[in-house]
Amino acid sequence: MFGLILVDHHYPSVLKPIKAALFSAASPFYKLSNTPRDVEAWGEAHLLSRADLIERNRALETEALILQRKLQRMAALTAENGRLRALLNSAKRVEQRVTISELIGVEPDSRSHIVIVNRGENDGVHVGQSVIDASGMMGQVVVVGYNTAKVMLITDQRHAIPVQINRTGVRAIAEGTGDINRLRLRHLSPTTDIRKGDLLVSSGLGGRFPVGYPVAEVIDVEGGPGMTFLEVQAKPLARLSQSRYMLLLRDVDE
Amino acid sequence: MSNDARHYLILTVLFMGSLLLAVWPLPFTWMPYRPVFLALILCYLVVYRPDLINLYIIVIAGIIYDVFNGNAMGQQTLGFIVMAFGCTMLQQRIKMFAAIQQAGVIFLIVGLGQMAVNWVEALLYGQTIPKVFASVATTALLWPFCSPVLHVLLRRGWTATSDE
């Protein structure tokens, strides 16, 4: 038994196929355990009065209009950005495509922040893929089964993501704290220009997360000259404990 | 269907059910209090129906439980083996106890098992499981309610008109 534990811990690739198969076999359990949430979602979708539906439809139409207006500007800006980058001779940014996935379960271990989604190897999901929701970066894929995958959230204690402060461009590493609402920036020198309310976006360094996605907002900065490092706390922008649908990013050329 | 086959069928359903309960979504703050139903069933079997269980079943159940929980493979399995050993040692004694006393002994046995799990956690990851005895306590508290149900489900010579 000790041998098995040690092999699994030190040489994870040896037992990987067995684990992937067992994890895939576990997916019906996760799906079944998600039934209350499915029923709730079904209720929300179907048990609505006509007046509510009309109201919601109107709100969505208005929102679509606003978003379309933004999109028109976005197209022009993207083209302009591309031209400017070409003038600067910098590398073209890779475009991202998304796979929409639905949350089907949460890993029952209270120490880890890992969720299970309904896309796996059969849908082209691979380990290391970034996951976002409508508001920001959520995490990355850590285990892939045939039809399911485990996604480690950015707040997991074992997780860290390279970020930069959007206002100043200062780079840092945002570490998970084990608290679903907190990230911590480590090793920032006391003279760094960082303030409460600063937006942290992914820096793309490390080659795992794509550049430019919003990650968190700084909520607390402690320390100053005289301290070795600043103590910076940030709040993730993604709705980590609420989002039901998430987007798996993949490069266009993949 | 023979009695044993029927019992194995019931056991499979119970195992599936306990695995389902092991992954059932709970609010984050309640997670440490989640009872280990599989431990409860294994302890029951070792004490009352050792003819239905062996080490292979315990190891397989433990490995499946580990994969479901995202543990290192074999971590909870080790815990289950410790529990099974404890139950084997105290089997004759536990049978004689009243339900409440049994719950006390189960608390100790499951606690020892979970402690082994916690040791592995500390050795591998340098961290401990938060409130590890919270789940042990809820597991032990469920014993007086679960064991009568299991008595009914897994009683020897379950049907008078057995077709054996």
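We did not get these values from a lab; they are worked out from the coordinates using the rules stated. Given the structure is predicted, the values throughout are model-derived calculations rather than measurements. Backbone-built Cβ (ideal geometry, glycine too); neighbour counts: all protein chains shown.
Miscellaneous remarks
- About its Cα centre, segment A:48-87 has a charge dipole of approximately 200 debye under the convention of +1 per Lys or Arg Cβ and -1 per Asp or Glu Cβ, with nothing else charged.
- Helices of chain B meeting both criteria, an alpha-carbon length of 18 angstrom or more along the long axis and an average Kyte-Doolittle score not below -1.0, with helices taken as full DSSP H segments, are B:3-23, B:55-69, B:75-89, B:99-125, B:132-153.
- If you take the Cα centroid of segment B:99-142 and the Cα centroid of segment A:113-150, the two points sit 32 Å apart.
- 20 Å Cα-Cα reach of A:Lys70 towards aspartates and glutamates, excluding residues that sit fewer than 8 places from it in its own chain: A:Glu61, A:Glu80, A:Glu95, A:Asp133
- Sorted fewest first by neighbouring Cβ atoms within 10 angstrom, A:Val163, A:Val218, B:Val120 come out as A:Val218, B:Val120, A:Val163.
- Per DSSP, loop trypsin sites (Lys or Arg not before Pro) in segment B:77-164 with at most 12 further Cβ within 10 Å: B:Arg156
- Per residue of A:98-110, other chain Cβ atoms within 10 Å of the residue Cβ number 4 on average.
- What you get for segment A:175-228, charging only the Cβ of Lys and Arg (+1) and of Asp and Glu (-1), is a dipole of about 140 debye around the Cα centre.
- By the rule of a C-alpha distance below 17 Å, with chain neighbours fewer than 8 residues away ignored, the lysines paired with A:Lys196 are A:Lys235.
- In summary, segment A:143-254 shows an alpha-carbon radius of gyration equal to 1.13 times the 2.2 N^0.38 Å reference for compact globular proteins.
- With helices as the sole contributors, the protein assembly as shown gives -16000 deg cm²/dmol at 222 nm; each DSSP H run of n ≥ 4 counts as -39500 (n - 2.57), and the sum is divided by every residue.
- Over segment A:163-217: Kirkwood hydrodynamic radius from C-alpha pairwise inverse distances, Å: 11.6 Å
- Two-decimal Rg/Rh across chain B, once Rg and the Kirkwood Rh are taken from alpha-carbon atoms: 0.97
- Debye intensity ratio in log₁₀ form over the Cα atoms of chain A, taken at each q of 0.14, 0.18 Å⁻¹: -1.13, -1.42
- The magnitude of the dipole of chain B, with charges of +1 and -1 set on the Cβ of Lys/Arg and Asp/Glu and taken from the Cα centre, is near 340 debye.
- Mean per-residue shielding of peptide B:58-69 is 4, counting Cβ atoms of other chains within 10 Å of each Cβ.
- Within segment A:179-254, trypsin sites (Lys or Arg not before Pro) in DSSP loop having at most 16 other beta-carbon neighbours inside 10 Å: A:Arg195, A:Lys196, A:Arg208, A:Arg239, A:Arg244
- Kyte-Doolittle mean at least 0.5, axial Cα span of 27 Å or more - DSSP H helices of chain A: A:12-33
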